[in-house]
Amino acid sequence: MKHLHIKTLPLSPGVYLFKDDQGRIVYIGKATSLRTRVKSYLQEPKDDLKLKALQAVVHDVSVITTPTETEAALLEAQLIQEHQPKFNTLLKDGQPFVYLLFTEETLPTLKIVRTKKTKGRYFGPFLYKSDARSVYEYLATTFRLKLCTSKIPQGCLDYHLDICAGSCRDDFDKDAYLTRLELAREALQGNTEQFTQTLRNKIKVHNDALAFEKAQKLNTYLQDSVTIFATLETKYHEQTYRHETIRATAPTSNIVENETTVEHLQALLDLPQPPRIIDCFDISHFQSTSLVGSCVRFANGIPDKNKFRRFKIKSLTQQNDYAALQEIVQRRYKNNDLPDLILIDGGKGQLNAILKLNISRPCISLAKREERVFSERHPEGKLLDIHEQAEKLLIALRDYAHHFAITYHRLHRNAH
């Protein structure tokens with residue numbers, strides 16, 4: 001693991017993915033500081049057999065930064081469930097998240113669910129069911145939301161204990177129940193400070209009355225509600241980090257051995273030969289100044305870091321992505337070290353700028369957002385299917401080059 005580029009990793013929260021020498025993900029973790037956490041794996045493991053085994057196989061690391069540690073924890077759980085890494089033992093099976101659901105039935109209810117199959121209003125996702133269960137119990141008890149399957153004219157025992165909503169009674173007040181249900185929903189989407197302050201006030205009342213058991217129960221609700229609200233504030237969605245995830249989890253195993261992927265990519269782009277060596281170019285700048293460029297090479301699906309290149313733009317002082325691309329492409333191939341395919345981070349304009357150079361290799365560009373690929377054979381662009389392996393690989397290469405360019409740009413800017 002000592003060859004990992006620790007100093008280039010960010011100090012921000014996020015998720016790190018350790019990979020073996022074939023590019024396979026072997027371990028996924030979260031961190032408050034990615035650089036500090038990954039660096040900790042370089043320490044002598046002593047009696048930690050799992051860490052020794054992990055260190056023996058780790059060859060590379062990819063990272064995805066997040067605004068908060070809470071968001072990192074949610075993304076970590078999602079990725080572990082999707083990729084089932086060898087060294088992760090937790091969060092491997094089933095759906096990693098739970099949700100609080102307000103259903104849209106004839107008689108709506110509040111439920112805890114693991115999948116979003118039922119029509120209704122969802123809150124979440126939440127990583128720990130115990131937290132969601134605690135908040136659910138507080139809302140159900142406070143707003144009397146428990147529905148009863150019994151039919152007792154005077155109401156069941158839970159009704160008389162102010163737990164049941166009274167659906168067991170003949171004179172069940174549905175309108176009052178729906179009002180309370182709406183209040184519970186507003187508690188999750190409204191003023192969180194007011195909600196938690198109400199709990200604190202109730203805890204104080206119980207403590208003053210020496211009702212410590214009740215106060216302790218409310219304190220549990222309070223702590224769990226803080227976690228729940230912190231999660232809700234992240235507004236996390238499973239597609240939030242789609243581009244970053246594609247890049248970080250890119251299949252970097254040897255695609256020479258997977259002729260189906262090579263043939264698919266060749267057919268997709270109408271190429272004269274299988275694209276086993278691909279160069280990817282990107283330009284980075286800050287407020288239209290400090291222009292730099294990068295080129296990363298993938299040989300048989302694996303980063304060939306000896307062939308990576310970084311460029312300070314010499315011919316320009318202000319932003320001109322087309323001219324900057326032309327400069328770095330010409331400089332990269334001045335010794336005729338050509339790949340099978342040239343991939344540009346950009347759209348039709350960037351591609352046309354490179355085609356003017358008349359390089360004797362196929363050139364394509366890949367635009368973000370729509371994930372539309374442009375080439376001489378597809379001048380109006382062709383949408384990629386992000387679920388297909390070959391298309392995912394193209395996106396991953398483009399994003400890898402973009403990340404490499406941004407990293408260099410930051411180093412260049414900080415040096416000035």
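The values are calculated or read from the model by the stated rules, or taken from the named source; none is laboratory data. For clarity, every value in this text was computed on a predicted model and none was experimentally measured. Every residue, glycine as well, gets a Cβ built from its backbone with ideal geometry; the counts of neighbours run over all protein chains shown. Areas reflect the complete protein model, heavy atoms only, side chains present, ligands, DNA and RNA absent. Shrake-Rupley method; radii C 1.70, N 1.55, O 1.52, S 1.80 Å.
Key figures
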| quantity | calculated |
| --- | --- |
| Size of charge dipole - the chain - debye, nearest 20, with Cβ of Lys, Arg +1 and Asp, Glu -1, no other charges | 1140 |
| Most fluctuating residue given options Q154, Q330, Q95, as computed from a GNM of the chain linking Cα atoms under 10 Å | Q154 |
| Computed helical MRE - 222 nm, the chain, DSSP H runs ≥ 4 contributing -39500 (n - 2.57), nearest 500 | -13000 deg cm²/dmol |
| Carbon and sulfur %, accessible surface of the range 344-406 computed with the full protein complex present, 1.4 Å | 47 |
| Selected from D304, D171, D270 as most flexible by GNM, with the chain as the system and alpha-carbon contacts under 10 Å | D171 |
| Extension reserve of the D385-L178 stretch, reckoned as 0.36 nm per residue once the Cα distance is removed | 70.1 nm |
| Cα-based Lys proximity count in the range 46-132, under 21 Å, for pairs eight or more positions apart or on separate chains | 10 |
| Largest-first ordering by accessible area, 1.4 Å probe, given options C164, C148 | C148, C164 |
| Highest-MSF residue in the chain out of I395, I152, I364 [GNM, Cα springs under 10 Å] | I152 |
| Computed label-point distance, nm, for sites R361 and T8 using a 7 Å Cα→Cβ extension | 2.0 |
| Surrounding net charge for Y322, when Lys and Arg each add one and Asp and Glu each subtract one, Cβ distance under 14 Å | -2 |
| For volume of the Cα convex hull per residue in Å³, calculated from these coordinates, the label among (i) 127; (ii) 358; (iii) 210 | (iii) |
| The range 267-372 - accessible surface per residue (Å², probe 1.4 Å) | 47 |
